[in-house]
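What follows is a short report on a single structure.
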Amino acid sequence: MLLCTGLLVRRGACPAPRTTQRHTSSAVARQKAGVQFCTFAPYCGYSLVASGIRHPKLIPEPQRNEVLTLKPQRLLDKLITPDGYKLVLYERGGVWSIRVNGYDLMSSRGFGSEEALATLACDRHRLGAQPRILIGGLGMGFTLRAALDCLPPDATVVVAEVFPAVVRWYQEHYGHLTGQALDDPRTEIVEEDVAATIRRATAQPFDLIMLDVDNGPEALTLDRNQDLYGRAGIDRLHSAIVPRGTLAIWSASPDPPFAALLSSRGFAVQTESVRAHAGKGMRHAVFLATRRA
Ligand SMILES: C[S@@+](CC[C@H](N)C(=O)[O-])C[C@H]1O[C@@H](n2cnc3c(N)ncnc32)[C@H](O)[C@@H]1O
């Protein structure tokens, strides 16, 4: 028997971890009972293909041809980080996917919302001379590329990426997708938890901070990222941004309580709806928060 279910997904990827953890244990139970279980969501063609299951009617038009031709998935690298995270990089037909502990974190299939994070922040913020920008999470560099494209030549863009392997993968595998943005003279990559970069920034605050480190405040890929979104974390972000500076945060979906928390900690907040593919595809959210002076 085959059971499929629709779940919230991250950018061209598969279900958000918190939701899936529940499903993982029930999947095991179903397997034991001889029931084949697959997760399905609009961009989860990979899971279906990987399990050799074809559901053309369930797969959205743009993905159908690719799924049906069953291009082989290539495992490019896999490793366990010193703190125990299992990282895997796959490629299928020119589409790269990063997986952390079994969950798709980023895919090059859909990146409209990652670009929108940067373009919305640039539009919102009136930049002065020599602006300093912090981007939390390199991923596949779509936010970085979009930021560089809207920033002046004298800008500095610090990118904090917690997994050195992701930086290496960018350089070795998919940097060409975003014009080798790490080589731009304005880019400074730091291989560390963005929380550490934020803590240090009180000495020299940023004009603009863009955070896209996981699935947003409600759906965390890395448990420790929850500290970024709590009251103390927001207060640290507040101190890491200049007065009237902008904080932009990617989220899988709108989150009114989180927007209210930002608002109560000294930010003027607006939630924007963004799409996974230029004007189409999954809807995600970007919180645009301006630090009140
Ligand atoms: C969803 S991806 C970012 C996608 C990116 N905006 C893009 O355009 O491709 C999230 C990235 O944040 C990184 N990350 C997760 N937690 C982090 C943290 N606490 N500090 C820095 N990077 C983090 C992940 O390794 C991953 O590279």
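Throughout, read-outs are computed from the coordinates displayed, never taken from laboratory work. These numbers come from a predicted model, not from an experiment. No Cβ is skipped: glycine too gets one built from the backbone with ideal geometry, and neighbour counts run over all protein chains shown.
Inside segment 179-196, can you point out the residues that are assigned to a helix (DSSP H, G or I) and either of a type in the set (D, E, K, R) or farther than 17 Å from Ala121 by Cβ (or both)? Write out each step before concluding.
Keep residues of segment 179-196 that are assigned to a helix (DSSP H, G or I), which gives 181-183, 194-196.
Leu182, Asp183, Ala195, Ala196 - these are the residues of segment 179-196 that are assigned to a helix (DSSP H, G or I) and either of a type in the set (D, E, K, R) or farther than 17 Å from Ala121 by Cβ (or both).
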Scope segment 118-132; condition surrounded by 19 or more Cβ atoms within 10 Å (Cβ to Cβ) and either near the ligand (Cβ under 10 Å from one of its atoms) or without any contact (Cβ under 8 Å) to a residue 12 or more places away in the chain (or both); matching residues: Ala118
So, first residue without any contact (Cβ under 8 Å) to a residue 40 or more places away in the chain in segment 104-117, second residue surrounded by 24 or more Cβ atoms within 10 Å (Cβ to Cβ) and among the β-branched types (Val, Ile, Thr), Cβ within less than 8 Å, six or more apart or across chains; the pairs are Glu115/Thr143
Residue by residue through segment 133-154, note down the ones that are of a type outside the set (D, E, K, R), over 19 Å from Ile198 (Cβ atoms) and either part of a loop (DSSP other than H, G, I, E, B) or more than 16 Å from the ligand (Cβ to nearest atom) (or both). Met140, Gly141, Leu151, Pro152, Pro153
Of all residues in segment 100-117, count the ones that are surrounded by 21 or more Cβ atoms within 10 Å (Cβ to Cβ), of a type in the set (D, E, K, R) and within 11 Å of the ligand (Cβ to nearest atom). 2
Conditions (1) touching a strand residue (DSSP E or B) at 6+ places or on another chain (Cβ under 7 Å); (2) surrounded by 21 or more Cβ atoms within 10 Å (Cβ to Cβ) -> Glu192 fails only (2)
Kindly establish whether Val213 is within 9 Å of the ligand (Cβ to nearest atom) and assigned to a helix (DSSP H, G or I). no
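Just to be sure before I move on: is Ser264 free of Cβ contacts under 8 Å to residues at least 40 places away in the same chain and of a type in the set (Gly, Ala, Ser) in the structure I sent?
Numbers: free of Cβ contacts under 8 Å to residues at least 40 places away in the same chain: yes; of a type in the set (Gly, Ala, Ser): yes.
It is true that Ser264 is free of Cβ contacts under 8 Å to residues at least 40 places away in the same chain and of a type in the set (Gly, Ala, Ser).
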Can you pull out every residue in segment 94-127 that is more than 15 Å from Leu138 (Cα to Cα) and of a type in the set (Ser, Thr, Tyr)? Tyr103, Thr119
Segment 225-282 - residue that is over 20 Å from the mean Cα position of the chain (by Cα) and within 14 Å of the ligand (Cβ to nearest atom) and, of those, farthest from Ile135 (Cα to Cα): Arg236
Mind checking which residues of segment 105-145 are closer than 22 Å to Gln171 by Cβ and among the polar types (S, T, N, Q)? Ser107, Ser108, Thr143
